[in-house]
Amino acid sequence: MSYLEERNMKYLYIIAALLILADILAYSLHLTHEIPGFSAAFGFVGCIILIYFSKFIGRFITKKEDYYERFRKVS
Amino acid sequence: MWVHPGIMAIAGALTLLLLRGRVEKIVFVAIPSFSLSVLLLTSYGYFGQIPFEDLSFKFLNFTLTLARVDKLAMPFAYVFSIVAIAMNIYALNSEKYEKVAAMIYFGSALGVVFAKDFFTFYVFWEMMAIASLFVIWSRGTKNSLEAGLRYALWHLTGGAFLIAGMALYINQTGSIEFRLFENSGLSYYLILLGVMVNAAVPPLHAWLPDAYPEASVTGAVYLTAFTTKSAVYALARGFPGEELLMYLGAIMAMYGVIFAVLENDGRRLLSYHIVSQVGYMVAGVGIGTALAINGAVSHAFTHILYKALLFMGMGAVIEVTGRSKFTELGGLYRYMPVAFYLYMVGAFSISAFPLFSGFVSKNMTVYASHEIFVVWLLLEASSIGTFLHTGLKLPWNVWFARDPIIEAREPPKNMLAGMAILAGLNIFLGIYPGYEMLYSLLPYEVNYEPYEFGKVIAMSQLLIFTFFAFWILRDKLRGEEKIVLDTDWLPRILGNYLFYWICRFSELSKNMDREVLSFAAGFKKISGIRIKEISAGYGLVITVAIFAFYLFLFLI
């Protein structure tokens, strides 16, 4: 597990913080018109919603691997 | 006269049958290289100024034109040829018949892209379906044979819709040109439906995640490129600005993403992402502005490059371990780091990381959808899911997640070489989309600057925070030993029953036959007549003789 140790996670936190800072800076200089950090929040919340929503749907449509085999009458 | 690269590829595929050993391999790689060089010569104006038409001939009352070379056809033809070179290097040691089928598949895809009239289009379209069927079947397992059969049924149905629509359209307008269709009612929608089957638009997409993962390691790589993208070409040619496609495309992008969360098979997950990514293109075609069409075409271009790379990466894992389910894999980073890094180039490209190829193409489509909020929201949310699955879930489950439970090694050198070519192209196009490179190929003039400050910041934020969310919830994304039901549920169940009843019926009729015969035998015994029994071969001769007699009567 070399590439995702906590030690490396630190750099990701730094990059994320820098990106947010850059966004705020760009917004105050009128380079962008979106709310600063909008994409970050969208990504974070969207990802969580996506996983839970899909898992919810999955309750109805995931079946055991031999699902179609059980319907097979002619082999 | 223009040299048709598709027909040359099909001819080359047939010569492959006669060759073996080193010569076969050289010819195999030479086929797409040849078509790429023809295209380069065409771009430089060797055959005349683009757009031009060539290779026309009379057939019945119509003029067929095999070659319509213009700004919409060229990018597709280019990317088909480029990717086929890398694929052929990857598949250098695959079975001969798979190679032949794959090259016919490649050639007919080029034929579809350059076809101007319905007849040529339809012939190449069906040839593509049949050749890809043999690519699937060449794996030879029971699963692949059955999945191939279902695949064929979907495509033959789609082809039937297409030809019905074409016949009606010719009847209504008298024109056989495949061009921007005016809405002529039923014929318009039949053609649209036929093309939509190939573009894997839900609910007509189930053949894709069903059949692609059942092909062989190398065969699946071919399948990713041609069928769906030539359908995108057909949509961009015939139906730009069709509003229905815009919404269907956005739903499609989301649909693939949702199903990929549940998937346990590596290549099936990637297949759902083909559905999702083609959704972007379909939505782009549906929006229909110059920017959106450019976005769709450039996305098709880069998509072919990175999706083939992703399938190659996952294929490499299957090649060395023989397993494809997340529940049976894990911790492979120790054994195959090179394959992992090459795969990740594809994963970053599909997720549209800045400096990778997806960034310069996908965001163009998303940007073009800004004015229609629902479409924009669905496309943007699908970007999250794309990174979540191809960039995080799959590599995490395959290369990390736990200690290795199976031995592995790096794949053969030719496979790594094929992957390296595509990885290099993806990075190159990402860094330098350039007005001389990718953007110069697009059908309309490009007024889009991918590397604007705001766009880079926004995309990076989106992806990094997706990663954080994944990291928190990563245990939820482990594979489960389940399958996901899709829209082919009903046809599969009904088909099973139908087949069962057909078998029952034939059994019944056989029994009735036997009853009748024994009844007749009883009569024979009672009456005491001696009837000379004739053998089956003798009966055949008599039948042929009777038919010959009828034919003779008919002729005089």
Completion exercise
Eigenvalues of the alpha-carbon gyration tensor of the protein assembly as shown, times 5 and square-rooted, give semi-axes in Å, largest first, of 46, 31, 24
Practice task
Return the average number of partner chain Cβ atoms within 10 angstrom of each residue Cβ along peptide B:449-461.
Solution key: 6
Exercise for the section: Determine the calculated [θ] at 222 nm for chain B from helices alone, applying -39500 (n - 2.57) to every DSSP H run no shorter than 4 residues and normalising by the residue count; nearest 500 deg cm²/dmol. Expected result: -23500 deg cm²/dmol
Problem - Taking the range B:48-123 and dividing mean pair separation by its residue count, relative contact order in percent (alpha carbons under 8 Å, at least six apart) - result: 35 percent
Handout entry: Förster-model FRET efficiency, 60 Å R0, B:I472 and B:Y550, C-beta, rounded to 0.05
Key = 0.15
Handout entry: With every protein chain in place, the protein assembly as shown: carbon and sulfur % of accessible area (1.4 Å)
Key = 67 percent
Practice task
Calculate the mean, over all residues of peptide B:482-489, of how many other protein chain Cβ atoms lie within 10 angstrom of the residue's Cβ.
Solution key: 4
Exercise for the section: Order the peptides B:333-340, B:125-132, B:235-242 from the highest to the lowest mean number of other Cβ atoms within 10 Å of their residues. Expected result: B:125-132, B:235-242, B:333-340
Problem - Amide H within-cut-off set for B:S138, under 5 Å, with H built and near neighbours excluded - result: none
Problem - Environment charge of B:V374, counting only residues whose C-beta is closer than 13 Å and scoring Lys/Arg +1, Asp/Glu -1 - result: -3
Exercise for the section: Would you calculate the separation in nanometres between label points at B:S440 and B:L508, each defined as 7 Å from the Cα along the Cα-to-beta-carbon direction? Expected result: 7.0 nm
Exercise for the section: For the range A:42-49, take each phi angle, set θ = phi - 60°, evaluate the Karplus expression 6.51 cos²θ - 1.76 cosθ + 1.60, and give the result in whole Hz per residue in order, putting x for glycine and proline. Expected result: 4, x, 5, 5, x, 4, 5, 4
Fill in the blank from the handout: Taking 0.36 nm per residue of separation between B:D403 and B:Y500 and subtracting their Cα-Cα distance, the length gained on full extension comes to 30.3 nm
Practice task
State, to one decimal in nm, how far the label point of A:L25 lies from the label point of B:N414, with both points 7 Å from Cα in the Cβ direction.
Solution key: 5.1 nm
Problem - Where A meets B: accessible area buried, both sides, 1.4 Å probe, Å² - result: 4900 Å²
Problem - Cα→Cβ-extended label distance, 7 Å offset, between A:I61 and B:K525, nm - result: 6.2 nm
Fill in the blank from the handout: Placing one equal point scatterer on each C-alpha of the range B:433-556 and summing with Debye, one gets log10 I(q)/I(0) at q = 0.09, 0.19 Å⁻¹ equal to -0.73, -1.12
Completion exercise
Averaged over the residues of A:54-66, the number of partner chain Cβ atoms within 10 Å of each residue's own Cβ comes to 5
Practice task
Could you state the accessible area per residue of the range B:489-555 in Å², with a 1.4 Å probe and every protein chain left in place?
Solution key: 95 Å²
Completion exercise
Expected sort for B:450-463, B:36-49, B:479-492 on mean C-beta neighbours within 10 Å, highest first, is B:450-463, B:479-492, B:36-49
Problem - Protection proxy ranking, peptides B:155-164, B:53-62, B:348-357, A:49-58, average beta carbon neighbours within 10 Å, highest first - result: B:348-357, B:155-164, A:49-58, B:53-62
Handout entry: Residues with amide H under 5 Å from that of B:L55, placed H, sequence gap 5 or more
Key = B:W2
Problem - chain B: relative contact order in percent, alpha carbon pairs under 8 Å with at least 6 residues between - result: 13 percent
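The values are calculated or read from the model by the stated rules, or taken from the named source; none is laboratory data. Treat the numbers as computed from the prediction; the structure is a model and nothing was measured. Neighbour counts run over all protein chains shown; Cβ positions are idealised from the backbone, glycine included. When the accessible area is computed, the model is the full protein with side chains, heavy atoms only, and any ligands, DNA or RNA have been set aside. Shrake-Rupley method; radii C 1.70, N 1.55, O 1.52, S 1.80 Å.
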